[in-house]
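Written below as structure tokens is the structure these notes are about.
The values are calculated or read from the model by the stated rules, or taken from the named source; none is laboratory data. Worth saying up front: this structure is predicted, and the values here are computed from it rather than measured. Backbone-built Cβ (ideal geometry, glycine too); neighbour counts: all protein chains shown. Remember, those area values only see protein heavy atoms, side chains included, never the ligands or the DNA or RNA. Shrake-Rupley method; radii C 1.70, N 1.55, O 1.52, S 1.80 Å.
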Amino acid sequence: MRFGPAAAAAFIAIVGSSARAQSPKSQWLGVFNEAQASRGEALYIDNCIMCHGSNLAGTVLAPAVAGPAFLAKWNGRSLSPVFNIIQTRMPWNLSGHLSAQQNADVLAYMLKKSGSPAGPNELPSRPEALSTVMLLARKP
């Protein structure tokens, strides 16, 4: 069976677009920078350490926010719901206390402590932008 030039062009367009779309980016591609993670560390110490612990591995009061347990819990999901919880429910006794940018900084620190590499750009503080970044338990 042979296809004409129009059918061949349509096939190439479909295959090409799916190849370009590829899989969503993950935290392993450097979605935050070092300066942002450093700001996030200071905010974490001031606002989160009491419940989540100094090593971010969780305590009897709150779950892990970095490392294997955190990555396993959120594996395959975007950063948007993680950010949403931070933005709307944290810190537990002062929810809404931090700005969206400050919460993105804390999330950048959480990613760094989970072993994700830094890159050239800051992690955005908009949920719609964070929905394009997948959290993967293992480096692809």
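Assorted remarks:
- Residue, nearest to Ala108 (Cα to Cα), within the stretch 20-33, restricted to residues that are without any contact (Cβ under 8 Å) to a residue 24 or more places away in the chain and open to solvent by 90 Å² or more (accessible area, probe 1.4 Å): Gln22
- For the stretch 34-54, filtered to residues that are in a loop (DSSP other than H, G, I, E, B) and out of contact with any helix residue (DSSP H, G or I) (no Cβ under 8 Å at 6 or more places or on another chain), the residue that is least open to solvent (accessible area, probe 1.4 Å) is Gly53.
- Of all residues making up the stretch 93-112, the number that are farther than 11 Å from Gly40 by Cα and open to solvent by 70 Å² or more (accessible area, probe 1.4 Å): 3
- Leading residue by the ranking (farthest from the chain's Cα centre (by Cα)) among those in the stretch 55-72 that are surrounded by 15 or more Cβ atoms within 10 Å (Cβ to Cβ) and not small (Gly, Ala, Ser): Leu56
- Entry remark, the stretch 73-92: residues being open to solvent by less than 70 Å² (accessible area, probe 1.4 Å) and either under 26 Å from Arg138 (Cα atoms) or not aliphatic (A, V, I, L, M) (or both) number 12 in total.
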